[in-house]
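First comes the structure, then the notes that go with it.
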Amino acid sequence: MQAHDIEAALNAGGVTNEAAKTFVKQWAAHLNPAHVEVVSAADDKRLVSEALTAGEIQEVAGGRFFSRSYSKDTARSEERTFVASSNPADKGSYNNWADSTEIKAKVEALMKDGMAGKTMYVLPYLMSPPDSVLKQWAAGVELTDSRVVVLHMIRMARVGADYINDLPDQSNFVRGVHVTGDLDDLQQGTPNDKRHFVTVADERLLLHYGSSYGGNALLGKIAHGLRQASYDGWASGGFLAEQFMLIGILDKQTGRTYYICGGFPSASGKTNLAMMHPPAALADRYEVHFFGDDIAWIYVDETDGKLYAFNPEYGVFGVAKDTNEVSNPNALYSIGENSRALFTNTAYNPGLKDVWWEGRTKEYPEDLSGWEDWRGDPISARPADKQKSGDNGDEWAHPNSRFTTNLANVPNISPDADAPKGVPIDAIIFGGRVREREPLIRAIRGVAEGVYDGLTLGAEATFAAEGKQGLLRYDPMSMRPFLSYPEAKYAEHWLNIVGQAREKPVFAHVNWFQRGDDGRYIWPGYSENLRALLWLLDFAAGKATGEESPVGVLPKESELNLEGLDIASDDLERLLSIDYERWRLEMTNREEHLRQFEGLPDAIWQAHRDMAKAFEA
Ligand code: OXD
Ligand code: MN
């Protein structure tokens, strides 16, 4: 394309920001697209109809849509994700650091002419509520060659030229380039894997090559909202960007809303928690308000000294598996009729225009006709024993199949979701998926102790399968795949930010996944989880004292509101106590985990030593 045609396209799209125009022109020269088109959210209808005509998406009844991604491109690829900078001191244990000069040259070469014959979509976006106090870190421009990615971005971020035209510093936006690449020729998963998902953190530049799956290709969400923002928050000293859900709990009796944010490693129920309904017996008194299920930006307001948080996203990119009327009725509503939700890699029935995933209903759809699995293969063509086997590999929907929907569709969205300051945080919680050791909830006194708890967060999964029972895959603050700078500095930054708050939040660790000797979950979970959080708020207010333990304060049975809950007393006792032997083992594992992080602040080591010592007493 000629420079003047690109200029004309930018003008037609309403871009007046000269720095953005320069960025687009430079990359257009390198990527060589056939067309350039600036996108705003108002283009959704037209783009959906174009994508339907092109067969990139298909219709789901009730004004919703479905798409399949390439079969080797169905999840975030951690091993192909890099954080780059010009400073080798930015290398951490988990950030997969790369030298920015070297990796940029490599990715730029891979991207050369990567949009030939295609349209380059230009997406100016904002990762924050409009007028947010952290707005200066929130603007970005993503260039992408995928119309389906555009449809996701419109649901997940605020998209439109105005978000970059009115920037006080016109060049202050994150520059993102996404090139899908030839998915058949990327050698995914081999030693010659060509995929590169790079955050050049000290240049605020995102270069993603070789995928069109959401987690790799929606640059606003994870690359900007988490990796880049956490680096910016540290480099500026001003804020934290965390993979956290954020909710409000309204006590209708007092009229006060309490705000809780927290991190959970994947598949530990973050979306369900953020969207939960109170259990029936408590619904007259409490409401749970949704802010976000995946990202929170957190800072201290200098005027009132309080810790605030907001969700920078505009939508939900939720895991479909096991989403149903019991686990998450609000999620089902949010992807219901007229939501314009977009499903990815679920099972699909073109005749019925319907989608299905494992756990959507107890039984598989009775009549197999028309149903296609996530790869597009008819279920009825499978051997009979593979049609409804439930075995790994026989799933109808990909285990990481997703729904993408706008925040406005979530029925329990908070009336303060767009508050420019965010909301003041009362509690920060961490929760893993732990079979035996972690009680239902333990309150943690002290900021260093809370940060220590976050750094030692983890989930049992793969290691358990290898027979090392009880060993966690540690996932500090649930940020392991998104950490952008060294863990010791990350801990120090956490201590600084939360330390500045005049009113400190209470910390707690929760676990909804404890199992009995018979392997059954002993806590019912889902909406009942509210009971544990209400105890925490009582504890923070001094209305509950709990029982001291080496790992924090556990609720007394009498302090937990159990109205309307039928639970065996043995189970309850187990949920509210700890197994000392398992914990002693865990302390040794933690020490090894923390030792990786050279220069970890002494306050964190002290918290660790204090806990270890409490077990000796
Ligand atoms: C994730 C996501 O991969 O939020 O964590 O999609
Ligand atoms: Mn996430």
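In contact with a Ser or Thr (Cβ under 9 Å, 6 or more places away or on another chain), crowded, with 23+ Cβ neighbours inside 10 Å, at pLDDT 95 or above and not small (Gly, Ala, Ser): is that true of GLU242 in this structure? Give the derivation first.
Working: in contact with a Ser or Thr (Cβ under 9 Å, 6 or more places away or on another chain): yes; crowded, with 23+ Cβ neighbours inside 10 Å: yes; at pLDDT 95 or above: yes; not small (Gly, Ala, Ser): yes.
Yes; evaluated as a whole, the condition is true for this residue.
Matching residues to (1) assigned by TED's automatic domain parsing to the domain that holds ASP193; (2) out of contact with any Pro (no Cβ under 8 Å at 6 or more places or on another chain); (3) more than 30 Å from GLN2 (Cβ to Cβ):
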{"residue": "ASN87", "(1), (2), (3)": "yes, yes, yes"}
{"residue": "SER100", "(1), (2), (3)": "yes, yes, yes"}
{"residue": "ILE103", "(1), (2), (3)": "yes, yes, yes"}
{"residue": "GLU108", "(1), (2), (3)": "yes, yes, no"}
{"residue": "LEU126", "(1), (2), (3)": "yes, yes, yes"}
{"residue": "SER132", "(1), (2), (3)": "yes, no, yes"}
{"residue": "VAL149", "(1), (2), (3)": "yes, yes, no"}
{"residue": "ASP169", "(1), (2), (3)": "yes, yes, no"}
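For the range 241-264, a tally of residues being within 16 Å of the chain's Cα centre (by Cα), under 16 Å from LEU307 (Cβ atoms) and among the polar types (S, T, N, Q) returns 0. Looking at the range 170-183, is at least one residue within 16 Å of ligand 1 (Cβ to nearest atom) and buried (at least 24 other Cβ atoms within 10 Å of the Cβ)? Scanning the range 170-183 turns up at least one residue that is within 16 Å of ligand 1 (Cβ to nearest atom) and buried (at least 24 other Cβ atoms within 10 Å of the Cβ).
Report the residue count in the range 276-294 for those that are within 16 Å of ligand 1 (Cβ to nearest atom) and either polar (S, T, N, Q) or over 14 Å from the mean Cα position of the chain (by Cα) (or both). Break it down stepwise before answering.
Residues of the range 276-294 that are within 16 Å of ligand 1 (Cβ to nearest atom), as a first pass: 290-294.
With the extra rule that they be either polar (S, T, N, Q) or over 14 Å from the mean Cα position of the chain (by Cα) (or both), the set shrinks to 290.
Total satisfying the criteria: 1.
Somewhere in the range 392-404, is a residue assigned to a strand (DSSP E or B) and of a type outside the set (A, V, I, L, M, F, W, C)? Give the derivation first.
Taking the range 392-404 and keeping what is assigned to a strand (DSSP E or B), we get 402-404.
From what is left, the residues that are of a type outside the set (A, V, I, L, M, F, W, C) are 402, 404.
Checking the range 392-404: at least one residue is assigned to a strand (DSSP E or B) and of a type outside the set (A, V, I, L, M, F, W, C).
The residues listed here are SER67, SER85, SER77, SER100; of these, the one that is hydroxyl-bearing (Ser, Thr, Tyr), at pLDDT below 95 and open to solvent by less than 40 Å² (accessible area, probe 1.4 Å) is SER77.
Might you check whether a residue that is at pLDDT 95 or above, surrounded by fewer than 24 Cβ atoms within 10 Å (Cβ to Cβ) and under 21 Å from GLY542 (Cβ atoms) occurs anywhere in the range 427-434?
Going through the range 427-434, the residues at pLDDT 95 or above turn out to be 427-431.
In the following step, the residues that additionally are surrounded by fewer than 24 Cβ atoms within 10 Å (Cβ to Cβ) were identified as 427.
Applying the additional criterion that residues be under 21 Å from GLY542 (Cβ atoms) yields 427.
Within the range 427-434 (the criterion being at pLDDT 95 or above, surrounded by fewer than 24 Cβ atoms within 10 Å (Cβ to Cβ) and under 21 Å from GLY542 (Cβ atoms)), the answer is yes, since at least one residue qualifies.
Scanning the range 480-517 for residues that are within 30 Å of MET275 (Cα to Cα) and free of Cβ contacts under 8 Å to residues at least 60 places away in the same chain yields GLY499, GLY516.
If the condition is being within 16 Å of ligand 1 (Cβ to nearest atom) and of a type outside the set (Gly, Ala, Ser), then the range 51-82 contributes ASP73, THR74, ARG76, GLU78, GLU79, ARG80, THR81.
Any residue that is within 16 Å of ligand 1 (Cβ to nearest atom), of a type in the set (Phe, Trp, Tyr) and in the same structural domain as ALA491 (by TED's automatic domain parsing) - is there at least one of those in the range 213-225? Looking through the range 213-225, none of the residues is within 16 Å of ligand 1 (Cβ to nearest atom), of a type in the set (Phe, Trp, Tyr) and in the same structural domain as ALA491 (by TED's automatic domain parsing).
Yes/no per residue for (1) part of a strand (DSSP E or B); (2) farther than 20 Å from GLY499 by Cα; (3) open to solvent by less than 10 Å² (accessible area, probe 1.4 Å):
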site	(1), (2), (3)
GLN228	no, yes, yes
TYR231	no, no, no
ILE247	yes, yes, yes
THR257	yes, yes, no
ILE260	yes, no, yes
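Taking the range 221-267, which residues are away from ligand 2 (no atom under 13 Å from the Cβ), out of contact with any Leu (no Cβ under 8 Å at 6 or more places or on another chain) and under 25 Å from THR180 (Cα atoms)? Listed by number, the list holds a single entry, ALA229.
Scanning the range 210-220 for residues that are within 16 Å of GLU78 (Cβ to Cβ) and more than 12 Å from ligand 2 (Cβ to nearest atom) turns up GLY210, SER211, TYR213, ASN216, ALA217.
Hey, among the residues in the range 316-343 that are in a loop (DSSP other than H, G, I, E, B) and among the aliphatic types (A, V, I, L, M), which one's farthest from the chain's Cα centre (by Cα)?
Keep residues of the range 316-343 that are in a loop (DSSP other than H, G, I, E, B), which gives 320-328, 335-341.
Adding the requirement that they be among the aliphatic types (A, V, I, L, M) leaves 320, 326, 335, 341.
Working: ALA320: 14, VAL326: 22, ILE335: 18, ALA341: 18 Å.
The selected residue is VAL326.
ASN95 meets each of the listed conditions (1) closer than 21 Å to ASP145 by Cα; (2) in a loop (DSSP other than H, G, I, E, B); (3) not β-branched (Val, Ile, Thr) apart from (1). Condition first: touching a residue at least 24 places away in the same chain (Cβ under 8 Å), in a strand (DSSP E or B) and open to solvent by less than 60 Å² (accessible area, probe 1.4 Å). Can you find one or more residues in the range 20-34 that meet it? Yes. Among the residues of this structure, GLU366 does not count as one that is of a type in the set (Asp, Glu), surrounded by fewer than 24 Cβ atoms within 10 Å (Cβ to Cβ) and modelled with pLDDT under 95.
Every residue, every condition in (1) open to solvent by less than 20 Å² (accessible area, probe 1.4 Å); (2) hydrophobic (A, V, I, L, M, F, W, C); (3) touching a Phe, Trp or Tyr at 6+ places or on another chain (Cβ under 9 Å), yes or no:
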{"position": "SER266", "(1), (2), (3)": "no, no, no"}
{"position": "VAL288", "(1), (2), (3)": "yes, yes, no"}
{"position": "ALA296", "(1), (2), (3)": "yes, yes, yes"}
{"position": "THR323", "(1), (2), (3)": "yes, no, yes"}
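The values are calculated or read from the model by the stated rules, or taken from the named source; none is laboratory data. Only a predicted model underlies this, so the values are computations on that prediction, with no experimental measurement involved. Cβ atoms come from the backbone with ideal geometry, glycine included; neighbour counts cover every protein chain shown. For accessibility, only protein heavy atoms count, side chains too; no ligands or nucleic acids. Shrake-Rupley method; radii C 1.70, N 1.55, O 1.52, S 1.80 Å.
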